[in-house]
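**Student:** Quick one: the structure is below, questions incoming.
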Amino acid sequence: AFSPINPFAVVIAQKETGLAFLSGSGFRLVVLFIAFAVWMFLIIRYANKNKVQKLIEKNELFEKVSIRSIIILTLVGISFVILVIGMMKFDWGFNEMSAEFFALGLLVGLIGKLGVNGTIETYIEGFKELVFAAMIVGFASSISLILKQGMIIDSIIYGLFTPMQYLPKSLA
C-alpha cells in the first residue's frame, strides 16, 4: 500500500487523474520509510514481549532449493523488471499488466508441475477470491462515470477542497 510504484494504487490512479507518472514519489518514499520503521518497531516489541524457546532437533534436514523453484523465482523477478520497463517506457496500462501476470501464472503453473488442469483450477480458485474486489472496482467506476456524465463531479470536488485552499499544500 505504501509502495511509490504500486501499479494499481499509484500508476493507474495517476493516469486516470492526469497526473505525471510517479509524481509525488518522494513524499510516498518518506511515508514508506516512516511506516516501515513503525512496523519494524512494533514487530520487534511484540517479539521481545512474546519470546518463544527455540527447539533444536538433532537431525535437522535442510532441503536444497530445486532447479524448478529457482527458475520460477527467476521468472517472477524478470516479470517485475519487464513490468517496470513497460510502465515507464511503453505506457502500459491495466490490460498489459494483467496479460503479463496471466502469462506468468500459466508458465509458473506448468513449470511447477501443476499441469494444465491444475493450473486452470488454481486460476479459478484465485478468481473466486477476487470477485468481491472486482465488484467494488466496478461499482466505483460506475459511480465515477455517473458523476462525470451528470456533470456534478467538479462541483463536489470544488465543495470539498475549497476549505483547504488556504492551507499549505503538504497539509491539504
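The values are calculated or read from the model by the stated rules, or taken from the named source; none is laboratory data. If you're wondering where the values come from, they're calculated on a predicted model, not measured in any experiment. As a convention, Cβ positions derive from the backbone with ideal geometry for all residues, glycine included, and neighbour counts pool all protein chains shown. Keep in mind that these areas ignore ligands, DNA and RNA; they rest on the heavy atoms of the full protein, side chains included. Shrake-Rupley method; radii C 1.70, N 1.55, O 1.52, S 1.80 Å.
**Student:** Tell me, which helices (runs of 4 or more DSSP H) lie completely within the range 93-163 with 3 or more residues that are among the β-branched types (Val, Ile, Thr) and either under 23 Å from residue 17 (Cβ atoms) or open to solvent by 60 Å² or more (accessible area, probe 1.4 Å) (or both)?
**Tutor:** Hits in the range 93-163: 115-149, 153-161.
**Student:** Oh, and also: Select from the range 102-134 the residues that are aromatic (Phe, Trp, Tyr) and modelled with pLDDT under 90 and list them in ascending order.
**Tutor:** 123, 127, 132
**Student:** Counting just the residues of the range 66-91 that are under 24 Å from residue 14 (Cβ atoms) and within 15 Å of the chain's Cα centre (by Cα), which one comes out surrounded by the fewest Cβ atoms within 10 Å (Cβ to Cβ)?
**Tutor:** Across the range 66-91, the extreme among qualifying residues is 81.
**Student:** Right, here's the next one. Against the definition (in a helix (DSSP H, G or I), open to solvent by less than 100 Å² (accessible area, probe 1.4 Å), modelled with pLDDT of 90 or more and of a type in the set (Gly, Ala, Ser)), how does residue 37 come out, yes or no?
**Tutor:** Yes; evaluated as a whole, the condition is true for this residue.
**Student:** Looking at (1) under 30 Å from residue 15 (Cα atoms); (2) assigned to a helix (DSSP H, G or I); (3) open to solvent by less than 100 Å² (accessible area, probe 1.4 Å), can you tell me which one residue 168 breaks?
**Tutor:** (2)
**Student:** Outside any helix (DSSP H, G or I), touching a residue at least 24 places away in the same chain (Cβ under 8 Å) and closer than 17 Å to residue 89 by Cα, is that true of residue 21?
**Tutor:** yes
**Student:** Before we move on, is residue 83 without any contact (Cβ under 8 Å) to a residue 60 or more places away in the chain and either assigned to a helix (DSSP H, G or I) or of a type in the set (Val, Ile, Thr) (or both)?
**Tutor:** no
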